[in-house]
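Accompanying notes for the structure given below.
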Amino acid sequence: MRKEEEEEEEEEEEEEEEEEEEEEEEEEEEEEEEEEEEEEEEEEEEEEEEEEEEEEERRKCSLNPPAPTCMHPFLQMGTKKVVEEEEEEEEEEEEEEEEEEEEEEEEEEEEEEEEEEEEEEKEEEEEEEEEEEEEEEEEEEEEEEEDEEE
């Protein structure tokens, strides 16, 4: 009987170790994903900065074109239209960037919720393990008492 119990205990311990290893692997994978997301965000920020710099340069050029000394009124109107169109494009791009930022924030919130759920599951598992250990200790004590009585 005791050999069987010992074998069962060993099997349980092995299973627990395997579960712990799997959890560690999952955590590592999550960390890697987070790092990748951070890198992507940094790249996006860099791209946005570059775009902003380019837009500023374009704006400067469009506001101060190398115009001839006597510009025809129709040409002046044309430059105004170009400037207005560029401003509209900039506004649209800013709106798109805001939407992307909102989506990223939502994704981060979802990840945080998942992490919280995982932590709760871990806590529950730990509680269950503690209960099992207590039960095993009680069983061992009972067996010892029975042995002593015999």
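The values are calculated or read from the model by the stated rules, or taken from the named source; none is laboratory data. The model shown is predicted, which means the values in this text are computed figures rather than measured ones. Glycine also receives a Cβ, built like all others from the backbone with ideal geometry; neighbour counts cover every protein chain displayed.
Okay, here's what the table says:
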read-out: Within segment 40-74, tally of residues that are modelled with pLDDT of 60 or more and part of a helix (DSSP H, G or I); value: 24
read-out: Cβ pairs under 7 Å, 6+ apart, first in segment 46-59 and free of Cβ contacts under 8 Å to residues at least 60 places away in the same chain and within 19 Å of VAL82 (Cβ to Cβ), second assigned to a helix (DSSP H, G or I) and charged (D, E, K, R); value: GLU55/GLU90; ARG58/GLU86; ARG59/GLU86
read-out: Count - residues of segment 19-34 that are more than 19 Å from GLU128 (Cα to Cα) and either among the hydroxyl-bearing types (Ser, Thr, Tyr) or surrounded by 11 or more Cβ atoms within 10 Å (Cβ to Cβ) (or both); value: 5
read-out: Residue identified as part of a helix (DSSP H, G or I), at pLDDT 90 or above and farther than 30 Å from GLU43 by Cβ among GLU123, GLU148; value: GLU123
read-out: Hey, GLU97 within 30 Å of GLU111 (Cα to Cα), surrounded by 12 or more Cβ atoms within 10 Å (Cβ to Cβ) and at pLDDT 65 or above or not; value: yes
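Yes/no matrix, rows are residues, columns are (1) surrounded by 10 or more Cβ atoms within 10 Å (Cβ to Cβ); (2) in contact (Cβ under 8 Å) with a residue 40 or more places away in the chain; (3) within 30 Å of GLU100 (Cβ to Cβ):
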residue	(1), (2), (3)
GLU5	yes, no, no
GLU16	yes, yes, no
GLU36	yes, no, yes
GLU41	yes, yes, yes
GLU44	yes, yes, yes
